[in-house]
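These notes are about the structure you will find just below.
Derivation of every value follows stated rules applied to the coordinates shown; laboratory data play no part. Quantities reported herein were computed from a predicted structural model and do not represent experimental measurements. Heads up, the Cβs are rebuilt from the backbone with ideal geometry, glycines too, and the neighbour counts pull from every protein chain shown.
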Amino acid sequence: MQPAVKHRYVVVEGPIGVGKTTLAKRLAETWGAELLLEQADANPFLERFYRDPVGAALPAQLHFLFQRTQQLADLRQQDLFTSAVRVADYLIEKDRLFARVTLEEAEFTLYQQVYDRLVVDPPKPDLVIYLQAPVDVLLERIARRRIPMEQLIERAYLEKLNEAYARFFHDYDEAPLLIVNAATLDPLSNDIDYAELQGAIARMGRGRLYFNPLRHAAL
C-alpha cells in the first residue's frame with residue numbers, strides 16, 4: 001500500500017551532482033507517482049557545451065528550453081484528465097537560471113525572447129525540495145558517478161551555478177520550499193535520513209522549512 005501524499009506535484013531541484021534526479025526517482029517509487037525527468041542524455045549539444053562553454057552554450061540551452069516546455073505543456077494537458085501525484089527533477093524557471101550563467105549578453109537577450117514566447121502559464125508545484133551542497137561535494141559526486149561528459153565540468157562553472165541557485169531560492173515564493181542540506185544528509189541511500197526527509201515533507205505547509213537535523217550537524 002502506498003503512503004498517502006498531500007502534495008500532488010513535487011519538484012526536486014539543485015545544482016549538478018547534488019542528487020536531485022535520484023531523490024525524485026525514490027520519492028516517485030515510494031508514492032507510486034508519475035515521474036517527470038529532464039533528459040540531459042537527449043541533448044545533442046550538452047557534451048559540446050562542457051568542452052566549449054562559450055561556443056555551444058546557446059544551442060544547448062535552447063534545446064533544454066524546447067524540451068522542458070513541451071514536457072510541461074503535455075503535463076498541463078494531462079491535468080484535465082487525471083489527479084495523479086507527480087514528481088519532477090526540474091523547475092522551468094531553472095532554465096533561465098542556467099541561461100543567465102552560461103550565455104553572453106546578446107545570446108541571453110535572444111534566449112529571453114524565445115523563453116517569453118514559449119513559457120506560458122506553466123503548472124505550479126505544491127512543493128519544491130531544494131538540495132544544497134558545497135562545490136567540493138558536488139565535484140566528488142560527479143566524479144563518483146562517472147558520466148564521461150560530466151567529467152569535463154569545471155569547478156568555476158559549478159561555483160557560478162551554486163551561487164545562482166542560492167540567489168534564486170533566497171527570493172523564491174511561488175510554492176512551499178523545503179531546503180535540504182544534502183552535504184551532511186544522505187536521503188538518497190540512507191534509509192534513516194530518507195524517513196526523516198519524508199517526515200519533513202509531511203509537515204510542510206506554506207512558506208519554507210530548512211531540513212538539517214542537529215544529529216548530523218555535529219558530525
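Placing unit charges on each Cβ (+1 for Lys and Arg, -1 for Asp and Glu) gives the range 92-154 a dipole about its Cα centre, and among Pro122, Ala133, Thr109 the Cα reaching farthest toward its positive end belongs to Ala133.
Count the lysine pairs in the chain that are 8 or more places apart or on different chains: how many have C-alpha atoms under 18 angstrom apart? Could the numbers behind the result be given before it?
Details: Lys6/Lys25; Lys6/Lys124; Lys20/Lys94; Lys94/Lys124; Lys94/Lys160.
Qualifying lysine pairs in the chain: 5.
Length, then width, then depth: along the principal axes, the Cα atoms of the range 100-219 run 48, 36, 21 Å. Modelled this way, with points 7 Å down the Cα-to-C-beta line, the labels at Glu154 and Glu140 are 2.5 nm from one another.
Which value, in Å to one decimal place, does the Kirkwood hydrodynamic radius take for the chain when every pair of different Cα atoms is included? Could you put the intermediate results ahead of the total?
Working: mean 1/r = 0.0551 Å⁻¹.
Kirkwood radius, the chain: 18.2 Å.
Hey, what number do you get for the chain at 222 nm if only DSSP H runs of n ≥ 4 count, each worth -39500 (n - 2.57), divided across all residues, to the nearest 500? It comes out at -15500 deg cm²/dmol, rounded to the nearest 500.
How much length would be gained if the chain were fully extended between Asp121 and Arg51, taking 0.36 nm per residue of separation minus their Cα-Cα distance, in nm to one decimal? Let's see the in-between values first.
Details: separation 70, 0.36 × 70 = 25.20 nm, distance 3.43 nm.
Length difference between fully extended and current span is 21.8 nm.
Potential lengthening of the chain between Asp191 and Leu110 amounts to 24.6 nm, from the contour at 0.36 nm per residue minus the alpha-carbon distance.
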